[in-house]
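Quick notes on the structure that follows.
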């Protein structure tokens, strides 16, 4: 059997911390994430068990700087658990998790991880329903997020422009003042993506971003993600194979908590084991 | 009472008229202490009874507003705010007891044949230190309780039950004579505050005025908070705490800040309540009092600033009438009121008014 485990895409010329003059307004901006070896995320030997059930089993995954990686896998393969480990919601019982070369994700709280530059979109779109679209973006904005700063915070012209830009990007300019709770499902998805953009993270984790979107919206999202790759690193969990085919140059298949196959979409789709897992033969 | 009048007036009103009505109510409230100084045969004279009653309700309104800050905005339902109110009241009461007893020990200590003041009574003969205690006692308790509760991510009904238990524990502690706060009877028989007789019309008028001021300041503070980014973070916290964390906000600090602020406001309200009403006892910490405060907020409309004030005014206004007219039925009525609000007015009286506006 052919081994489709590939080396992570390495691009040592690209340094996420310094090459991107990210718009940063607060002191929380990371002082240059160390991505010397071109890897923004390193998961090695990660295991997570819930009451004896191994949700993740010796998982190894590397995401390169500026890469757009799609994660696929049948239900219960551990995709969401993996995102929980990366964002600090679940602690692995074994293994290493590094953001860049120096940040140990196992030692950091959810808030610290978010501030360090990992953004996450949930499977079910989660926005602040009582607040307007504009206010949702305002809260997500990368800035000093301490209590004192929030008490005195006032939007600068620059920040308003940035919110305007993102509103344009996610095509919600006309709904800026509407309460987010009144948006359609697809619009909420876009708003949440917009909030991630405001956060300006270096690594975006997107859990089923096109679920519940129309075909046109899905197509637009694909365009958007492709334009983000390079500037940001993206990790997309998705079931929609058409969407995966449209965006991914690199696909990882998870099965029973570990990596089953890795490569281009054609490669993994041709893989015997992947077919077996998906079709249950 | 001017509440029923205000209700019908705001029903027909747009926001501008509401502001007018608000201004009018404020004017009436500011005029009341002055009118109370008129000679008794003047037809405009406000009786000491009315002044005390309204002053008491205003103190409750401040509690309702403080509770709404944590419940309506941050989604933390506290069923123990009566404790903070009572602590502020007790701190003020300590000063009043020392004023009343002069150089002697307060009377209840003499009855227990204590010969010296417990350490925590030291300095309470000074008004300024008593004022510090009014802020520090509820503030520190809220800080410590909040720190551990929010650190352990206690939320929802568990949080409510814990606050309820806290106030119950406080009540049991203060019921004991050995605690040194007058046990069952609490503090009463006050004589003077800052050298002025506590029952003198002038003193009453000033206390009433101070209560109105505290209410206005609390309202202004709440308004500023609600409009700031901090207020929006609280709303976000209420609706989707996880999302907020993944946006990079630490919810603990935000909760703690608003929680302590709310407790301190309650303590200040309690400190103004005690000299006006003339008594403080552990009954103020009973869980039903705190639940009643939640009823005011729910009835008025949580998540708004005016709603809780309306709720506190309406419920207490009715209570003072009802308990005179049909004393046996008040609790049934209160229960029925709460059921009706829960079933038919999820946004409270304010929601009703707003709905009328839209039609």
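The values are calculated or read from the model by the stated rules, or taken from the named source; none is laboratory data. Keep in mind the model is a prediction, meaning the values are calculated, not measured. Here the Cβ is made from the backbone with ideal geometry for all residues, glycine too, and neighbour counts use every protein chain on show.
Spot the failing condition for residue B:155; the list is (1) within 28 Å of residue B:238 (Cα to Cα); (2) modelled with pLDDT under 95; (3) exposed (fewer than 15 other Cβ atoms within 10 Å of the Cβ); (4) in contact with a helix residue (DSSP H, G or I) (Cβ under 9 Å, 6 or more places away or on another chain), and only one is missed.
Status for residue B:155: all satisfied but (3).
So how many residues does region A:156-189 have that are surrounded by fewer than 21 Cβ atoms within 10 Å (Cβ to Cβ), touching a residue at least 40 places away in the same chain (Cβ under 8 Å) and either out of contact with any helix residue (DSSP H, G or I) (no Cβ under 8 Å at 6 or more places or on another chain) or within 13 Å of chain B (Cβ to nearest Cβ) (or both)?
The qualifying residues number 6.
Among A:196, A:137, which is the only one that is in contact (Cβ under 8 Å) with a residue 60 or more places away in the chain and more than 23 Å from residue A:40 (Cα to Cα)?
The conditions single out A:137.
Please verify whether region B:113-132 includes one or more residues that are in contact (Cβ under 8 Å) with a residue 12 or more places away in the chain and within 20 Å of the chain's Cα centre (by Cα).
yes
Filter region A:46-75 for residues that are in a loop (DSSP other than H, G, I, E, B) and free of Cβ contacts under 8 Å to residues at least 24 places away in the same chain; which is farthest from residue A:273 (Cα to Cα)?
That would be A:51.
Restricting attention to region A:127-143, which residues are more than 8 Å from chain B (Cβ to nearest Cβ), at pLDDT 90 or above and out of contact with any helix residue (DSSP H, G or I) (no Cβ under 6 Å at 6 or more places or on another chain)?
A:132, A:134
Restricting attention to region B:169-179, does a residue exist that is farther than 24 Å from residue B:108 by Cα and assigned to a helix (DSSP H, G or I)?
No, because not a single residue in region B:169-179 is farther than 24 Å from residue B:108 by Cα and assigned to a helix (DSSP H, G or I).
So if I check each of A:196, A:139, A:131, which one is surrounded by 19 or more Cβ atoms within 10 Å (Cβ to Cβ), within 30 Å of residue B:261 (Cβ to Cβ) and touching a strand residue (DSSP E or B) at 6+ places or on another chain (Cβ under 8 Å)?
A:131
Could you list, in sequence order, all residues of region A:92-120 that are assigned to a strand (DSSP E or B) and surrounded by fewer than 22 Cβ atoms within 10 Å (Cβ to Cβ)?
A:94, A:95, A:96, A:98, A:103, A:104
Counting only residues that are touching a strand residue (DSSP E or B) at 6+ places or on another chain (Cβ under 6 Å) and modelled with pLDDT under 90, give me the helices (runs of 4 or more DSSP H) lying completely in region B:1-99 with at least 1 of them.
Working: elements: B:3-11, B:15-36, B:48-68.
Where helices (runs of 4 or more DSSP H) fall fully within region B:1-99, none carries at least 1 residues being touching a strand residue (DSSP E or B) at 6+ places or on another chain (Cβ under 6 Å) and modelled with pLDDT under 90.
Would you pick out the residues in region A:199-241 that are assigned to a loop (DSSP other than H, G, I, E, B), within 19 Å of residue A:66 (Cα to Cα) and either without any contact (Cβ under 8 Å) to a residue 24 or more places away in the chain or over 12 Å from the mean Cα position of the chain (by Cα) (or both)?
The answer is A:230, A:231.
Please go through region A:67-78 and pick out each residue that is more than 12 Å from the chain's Cα centre (by Cα) and either at pLDDT 90 or above or crowded, with 22+ Cβ neighbours inside 10 Å (or both).
The first filter runs over region A:67-78 and keeps only residues more than 12 Å from the chain's Cα centre (by Cα), leaving A:72-78.
Residues satisfying the conditions are A:72, A:73, A:77, A:78.
Is it the case that region A:159-168 has a residue that's in a loop (DSSP other than H, G, I, E, B) and at pLDDT 90 or above?
We begin by selecting, within region A:159-168, every residue in a loop (DSSP other than H, G, I, E, B); these are none.
So far as region A:159-168 goes, no, none of its residues is in a loop (DSSP other than H, G, I, E, B) and at pLDDT 90 or above.
Out of all the residues in region A:144-155, which are under 17 Å from residue A:195 (Cβ atoms) and either facing chain B (nearest Cβ under 8 Å) or outside any loop (DSSP other than H, G, I, E, B) (or both)?
Once the filter is applied, which keeps residues that are under 17 Å from residue A:195 (Cβ atoms) and either facing chain B (nearest Cβ under 8 Å) or outside any loop (DSSP other than H, G, I, E, B) (or both), region A:144-155 yields A:145, A:150, A:153.
Restricting attention to region B:244-272, which residues are facing chain A (nearest Cβ under 8 Å), over 11 Å from residue A:147 (Cβ atoms) and either at pLDDT 95 or above or in a loop (DSSP other than H, G, I, E, B) (or both)?
Answer for region B:244-272, where residues must be facing chain A (nearest Cβ under 8 Å), over 11 Å from residue A:147 (Cβ atoms) and either at pLDDT 95 or above or in a loop (DSSP other than H, G, I, E, B) (or both): B:247, B:248.
Select from region B:231-262 the residues that are out of contact with any strand residue (DSSP E or B) (no Cβ under 6 Å at 6 or more places or on another chain) and over 19 Å from residue B:77 (Cα atoms) and list them in ascending order.
B:243, B:244, B:245, B:247, B:248, B:249, B:250
Looking at B:252, B:243, B:238, can you tell me which residue is closer than 19 Å to residue B:154 by Cα, surrounded by fewer than 24 Cβ atoms within 10 Å (Cβ to Cβ), in contact (Cβ under 8 Å) with a residue 40 or more places away in the chain and more than 23 Å from the chain's Cα centre (by Cα)?
Within the list B:252, B:243, B:238, the selection yields B:252.
For residue B:241, indicate whether it is more than 19 Å from residue B:174 (Cα to Cα), at pLDDT 90 or above and within 14 Å of another protein chain (Cβ to nearest Cβ).
Yes, satisfied.
Identify the single condition in (1) crowded, with 20+ Cβ neighbours inside 10 Å; (2) more than 30 Å from residue B:117 (Cα to Cα); (3) away from every other protein chain (no Cβ under 14 Å) that residue B:231 does not satisfy, given that it satisfies every other one.
Evaluating residue B:231 over (1) crowded, with 20+ Cβ neighbours inside 10 Å; (2) more than 30 Å from residue B:117 (Cα to Cα); (3) away from every other protein chain (no Cβ under 14 Å) leaves (3) as the failure.
Inspect region B:210-227 for any residue being more than 14 Å from chain A (Cβ to nearest Cβ), farther than 24 Å from residue A:122 by Cβ and in a loop (DSSP other than H, G, I, E, B) and give the result as yes or no.
Within region B:210-227 (the criterion being more than 14 Å from chain A (Cβ to nearest Cβ), farther than 24 Å from residue A:122 by Cβ and in a loop (DSSP other than H, G, I, E, B)), the answer is no, since none of the residues qualifies.
Which of the residues spanning region B:197-235 are without any contact (Cβ under 8 Å) to a residue 60 or more places away in the chain and in contact with a helix residue (DSSP H, G or I) (Cβ under 7 Å, 6 or more places away or on another chain)?
Within region B:197-235, B:197, B:228, B:229, B:230, B:232, B:233 qualify.
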